[in-house]
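Derivation of every value follows stated rules applied to the coordinates shown; laboratory data play no part. Since this is a predicted model, take the numbers as computed values, not measurements. Don't worry about glycine lacking a Cβ; one is built from the backbone with ideal geometry, like all the others, and counts go over all protein chains shown.
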Amino acid sequence: MISVENITKSFGKVEAVRDVSFRAPDGKITGLLGPNGAGKSTTLRVLYTVIRPDSGRALIDGVDVVASSLEARKRVGALPHGAGLYPHLTARENIEYYARLCGLDKETIAERTEATIEELEISEFADRQTKGFSQGQRTKVALARSLVHNPHNVILDEPTNGLDVMATRSLRDIILKLKDSGRCVLFSSHIMQEVAALCDDIVIIAAGKVALQGSTDTIRERTGCDDLEDAFVQAISTVEPAA
Amino acid sequence: MKTILSVLRKEVLDNLRDRRTLLTAVLMGPLFGPLLFAVVINMSIDRALSSAESVLEVPVIGAENAPNLINFLATRNIDVIDGPADTAAAIEAVKTGEHDVVLSIDADFGEKLSEGEPARVQVFSDEANQDASRDMRRVRGAVREYSGQIASMRLFARGVSPMVMRPLNIDEVDVSTPSGRSGILLGMMSYFFIFAMLIGGMYLAIDSTAGERERGSLEPLLSLPVTRDQLMIGKILGACVYMALSLALSIAAFAIVLNFLPLQKLGMTPNFGPLAAVAAFFLLAPFILVGASLMTLVASFTKSYKEAQTWVSAVLFAPTLPIMIVSILQVRPKFEFMFIPSLSQHLLLVDMIKNEPVVPVNIAVSVVTTLVIGALFMAISARLYRREGLLG
């Protein structure tokens with residue numbers, strides 16, 4: 001479970017995130033929805049501990065991401081936006097490298113690597129060097145890599161960006177499987193339909209603030225819009241832009 | 001420790017498959033030095049040997065005026081050939097480089113000589129022409145020698161010992177050993193070694209920092225349960241592996257090339273057998289850490305692969321600067337210099353090649369200070385890696 005409490009983060013004079021709070025429960029898919037530059041990536045970066053919040057705190061399974069960041073990282077599998085692979089390593093080697101860095105023992109490394117390769121259906125190209133992989137193949141390998149240590153929480157930053165229809169579908173299936181295994185899945189997107197199709201809960205962020213959050217139905221109710229897109233537009237228009 | 005080794009292993013494997021990194025590490029860096037060295041040495045040997053023994057052909061104006069002088073020149077391997085008709089043409093010929101040296105003997109040469117007056121011989125040459133200076137010195141020396149002989153004979157004829165003309169007997173004793181003479185030229189070697197070493201690790205240092213960021217593989221890496229210090233140390237050690245490889249290959253290539261160079265003809269017998277080669281490796285090895293940390297440090301500062309390349313290339317020359325300054329100033333190894341990385345390695349190496357005793361304290365100081373400075377750079381890089389701005 002991921003919980004975010006009153007997080008703020010500025011880069012120089014730019015307030016990227018202003019007092020953001022939400023919860024992403026286990027066994028559910030939570031969507032972080034917002035226009036470009038709304039602060040989605042910054043929020044997620046705080047959660048997978050590559051940046052520190054200026055104030056507020058975030059907990060992964062109750063572990064503080066600042067105070068015990070190494071412990072928190074063990075519980076998170078992160079797929080950052082535009083994550084790159086090592087082009088001279090095979091898909092399998094890319095995954096194994098992460099497994100090794102996560103401190104797994106030899107047997108577990110082999111076992112988990114094989115398991116993720118199967119789970120994400122990449123065995124076909126697992127032993128090829130990753131240069132020249134399609135965007136879909138790359139995303140799958142990058143996701144497999146971040147899941148190799150079997151984290152309970154999965155954070156995906158715009159994972160479907162640049163994927164074609166088939167690849168998007170296949171990724172969606174994988175995300176649903178992750179949810180069914182009881183994991184906490186948090187993913188960001190700026191695509192309304194995608195979030196609507198996949199998420200149980202939605203957190204709408206605009207200009208660094210949470211505009212609205214709740215289940216898809218709650219959001220429709222609260223905005224009084226039947227169409228989720230209208231609801232989205234209405235929600236983000238209520239947030240005043242950052243000073 | 002296990003994490004550091006994992007990073008190290010991955011960086012080495014990854015770059016082993018990158019043709020550019022591999023080629024620079026095993027081919028360009030190590031072979032560039034020895035090849036250039038072989039060419040330079042061969043050229044200077046050619047030049048040094050060609051002049052002394054070979055026949056020098058010199059055009060002489062008015063050769064018929066001084067048959068004895070011409071005969072004397074012939075005994076000094078200087079042959080007279082046809083050349084310019086008059087002094088004006090001679091000046092022109094020297095200026096254009098058609099001839100390096102032209103002699104001109106005045107028409108009244110014999111007459112003046114028999115009267116005991118100074119007889120004029122003109123030597124035309126271009127002092128600015130470096131290539132001609134050796135020939136010019138040879139011709140001038142031969143003419144002086146001839147002049148000296150005549151002077152001695154005249155004194156003799158007057159019952160005066162020619163020794164009157166030599167109040168001092170100047171005896172120059174060159175104490176440089178053949179190995180010692182090697183030092184100057186072979187001092188270039190340490191420059192090449194350090195250069196090869198740095199080139200070998202350059203691409204890995206860039207790839208594992210700026211390259212990693214540009215590829216987008218840095219962010220997921222940082223989200224793993226490992227500290228950034230561990231990642232950084234692993235990456236620096238990865239660069240060290242390649243640098244050690246380049247250094248070893250470079251030293252081996254030199255040791256082999258030296259066997260094929262006729263260095264004895266130049267009066268040099270460098271001490272660079274297999275044992276010295278191994279010693280050279282260990283003498284230079286501490287500098288690997290400095291180089292790897294420094295290059296990684298610089299590459300981590302930059303925003304892109306290209307920018308990193310520019311800056312790291314600049315770093316390649318930084319360690320060679322003290323060597324060049326010292327080479328130009330011709331300083332002897334001093335204790336204080338042992339505190340300066342790259343310079344201390346250079347001085348120790350030169351001493352070893354010259355077969356001079358190497359002071360153990362100097363080696364100890366060189367190794368320890370170099371490693372300490374390397375560790376310092378490493379700490380700074382690691383510190384830099386902890387910044388948030390790293391992600392760009």
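Odds and ends about this structure:
- The mean number of partner chain beta-carbon atoms within 10 angstrom of a residue's beta-carbon across peptide A:77-86 is 6.
- Remark: C-alpha extents of the range A:151-198 on the principal axes read 27, 19, 17 Å, sorted largest to smallest.
- Fraction of antiparallel bridges per DSSP, the protein assembly as shown only, in percent to nearest 5: 50 percent
- Chain B: most fluctuating residue of B:Arg17, B:Arg158, B:Arg134 per GNM, C-alpha cutoff 10 Å: B:Arg158
- Euclidean distance between Cα centres, the range B:267-321 to the range A:10-53, Å: 43 Å
- Counting only whole DSSP H helices of chain B, the ones at least 20 Å long by C-alpha along their axis and with mean Kyte-Doolittle hydropathy no lower than 0.0 are B:2-16, B:29-53, B:178-206, B:228-260, B:274-301, B:360-385.
- The calculated Kirkwood hydrodynamic radius for the range A:1-110 is 15.6 Å, given to one decimal from all distinct C-alpha pairs.
- Likely footprinting exposure, B:Ser366, B:Ser125, B:Ser161, fewest C-beta neighbours within 10 Å first: B:Ser161, B:Ser125, B:Ser366
- Within 10 Å of each Cβ in B:382-389, the average number of Cβ atoms from other chains: 1
- Cross-link table A:Lys179/B:Lys10; A:Lys209/B:Lys303; A:Lys74/A:Lys140; B:Lys2/B:Lys303; A:Lys74/A:Lys106, entries beyond 22 Å C-alpha to C-alpha: A:Lys179/B:Lys10; A:Lys209/B:Lys303; B:Lys2/B:Lys303
- The packing ranking, built from the mean of other Cβ atoms within 10 Å per residue, places the peptides B:200-211, A:47-58 in the order B:200-211, A:47-58, highest first.
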